[in-house]
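Read-outs throughout are calculated quantities, based only on the coordinates presented, and are distinct from any laboratory measurement. Fair warning: this is a prediction, and the values are worked out from it, not measured in the lab. Cβ placement follows ideal geometry from the backbone for every residue including glycine, while neighbour counts extend to all protein chains displayed.
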Amino acid sequence: MFQVRIIVKLGGKVGELNLFNRDLADLCGIQPGKAGEWLSGCIERLSLVELARIMTELELFTLDDVFDVEIIGTPPPAEGRRERIMKKVEPKRKERKAEEKERRDRKMAEMRRQIEEEVRMELKSSRRKRKQH
């Protein structure tokens, strides 16, 4: 078992410049709370637009300046990667296929019902016309 930990290093880069959260927010046009999240590394949802703006304004040109990625534990070997992934994906594919078949079947049943209703209405209309003549 392994985990991937992403460490945001912006706090150190901003600290080197003696900037405050509010300075970063004003510089990048983001909310001060968001700037605080970026600097503390506690980012709930990563916004690539914000990241690009921050990197541009701080003149950081590689993701290595912003993030460190740590692998904790022992990752699986490269051999068999495709098979392991496909083994996880296959049940979801079967589920999607079954849901799609069910949706198509419901749609076809609805179309048949509409056609039957139209035929009934047409027969009813033609019977009335015959009775009137």
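Side notes on the structure shown:
Yes/no matrix, rows are residues, columns are (1) surrounded by fewer than 10 Cβ atoms within 10 Å (Cβ to Cβ); (2) farther than 19 Å from Q3 by Cα; (3) in contact (Cβ under 8 Å) with a residue 60 or more places away in the chain:
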site: I72; (1), (2), (3): no, no, yes
site: P75; (1), (2), (3): no, no, yes
site: I85; (1), (2), (3): no, no, no
site: K88; (1), (2), (3): yes, no, no
site: A98; (1), (2), (3): no, yes, no
site: R104; (1), (2), (3): no, yes, no
site: M108; (1), (2), (3): no, yes, no
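- Of all residues in region 1-21, those satisfying the criterion of being touching a helix residue (DSSP H, G or I) at 6+ places or on another chain (Cβ under 7 Å) and farther than 19 Å from E44 by Cα are K13, V14.
- Options G36, G15, G11; residue that is in contact with a Ser or Thr (Cβ under 8 Å, 6 or more places away or on another chain), assigned to a helix (DSSP H, G or I) and either surrounded by 10 or more Cβ atoms within 10 Å (Cβ to Cβ) or among the hydrophobic types (A, V, I, L, M, F, W, C) (or both): G11
- Among the residues of region 21-67, those that are without any contact (Cβ under 8 Å) to a residue 12 or more places away in the chain and in contact with an Asp or Glu (Cβ under 8 Å, 6 or more places away or on another chain) comprise E37, E44, M55.
- Scanning region 44-76 for residues that are more than 19 Å from L19 (Cα to Cα) and among the aliphatic types (A, V, I, L, M) turns up L46, L48, V49, L63, V69, I71, I72.
- The selection criterion, being assigned to a helix (DSSP H, G or I) and within 28 Å of the chain's Cα centre (by Cα), holds for R82.
- Between K129, K92, the distinction of being assigned to a helix (DSSP H, G or I), surrounded by fewer than 10 Cβ atoms within 10 Å (Cβ to Cβ) and over 24 Å from the mean Cα position of the chain (by Cα) belongs to K129 only.
- When restricted to residues that are part of a loop (DSSP other than H, G, I, E, B) and loosely packed, with under 14 Cβ neighbours inside 10 Å, region 48-61 contains 2.
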